[in-house]
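The values are calculated or read from the model by the stated rules, or taken from the named source; none is laboratory data. Every value quoted in this text rests on a predicted model; they were computed, and no experiment measured them. Glycine also receives a Cβ, built like all others from the backbone with ideal geometry; neighbour counts cover every protein chain displayed.
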């Protein structure tokens with residue numbers, strides 16, 4: 001449910017180009033929610049709808065195309081870090097342990113309507129790239145490429161509902177979470193980083 005507003009509340013219905021290059025991906029999320037709530041209304045199923053915002057942490061695939069694993073692997077290898085557009089589009093990133101906690105509390109609740117689960121700490125993609133360069137002590141330059149069509153300009157949750165009804169909020173800050181993710185990627189077999197010099201640099 002991609003927004004033109006930020007932060008995004010649960011009653012926002014989204015802004016999607018159904019015939020754009022992201023159309024199938026975007027609309028599939030709204031369709032899944034429509035099916036889920038229909039089963040709740042007509043079949044009295046105790047369904048849950050978690051609107052999960054960008055999540056990261058150890059055990060992400062290095063090649064999954066998302067910003068954090070891409071930037072971390074580029075930085076650890078001193079390769080160019082690829083930022084699309086001017087990097088001013090915003091995102092928020094929730095550490096995996098916080099998300100699991102939120103989903104667990106949602107499953108135990110009586111809520112059947114959508115609930116935002118994410119970290120409301122919003123930053124630009126460019127700032128994310130710079131933060132990862134600093135944490136990894138990388139020499140990677142940042143390069144800019146054209147922004148893909150229909151790429152969301154903002155992405156940040158309003159988690160007041162989760163806070164009020166689930167007594168949930170993220171505990172892991174971005175700096176702490178990124179350091180844990182970097183450490184995992186540094187030692188992961190899927191990473192191309194195996195040089196002892198990186199262990200000296202990041203140890």
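Structure above, values below:
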quantity: Complete set of residues in the stretch 89-114 that are without any contact (Cβ under 8 Å) to a residue 60 or more places away in the chain and in contact with a strand residue (DSSP E or B) (Cβ under 7 Å, 6 or more places away or on another chain); calculated: 96, 99, 103
quantity: Single match in 32, 75, 62 (criterion: at pLDDT below 95 and within 16 Å of residue 132 (Cβ to Cβ)); calculated: 62
quantity: Filter result (more than 14 Å from the chain's Cα centre (by Cα), in a helix (DSSP H, G or I) and within 29 Å of residue 185 (Cβ to Cβ)) within the stretch 29-71; calculated: 29
quantity: Residue pairs meeting the criteria (Cβ under 8 Å; at least 6 apart or on separate chains; first within 17 Å of residue 109 (Cα to Cα), in the stretch 38-50; second part of a strand (DSSP E or B)); calculated: 48/115; 49/114; 49/115; 50/114; 50/115; 50/117
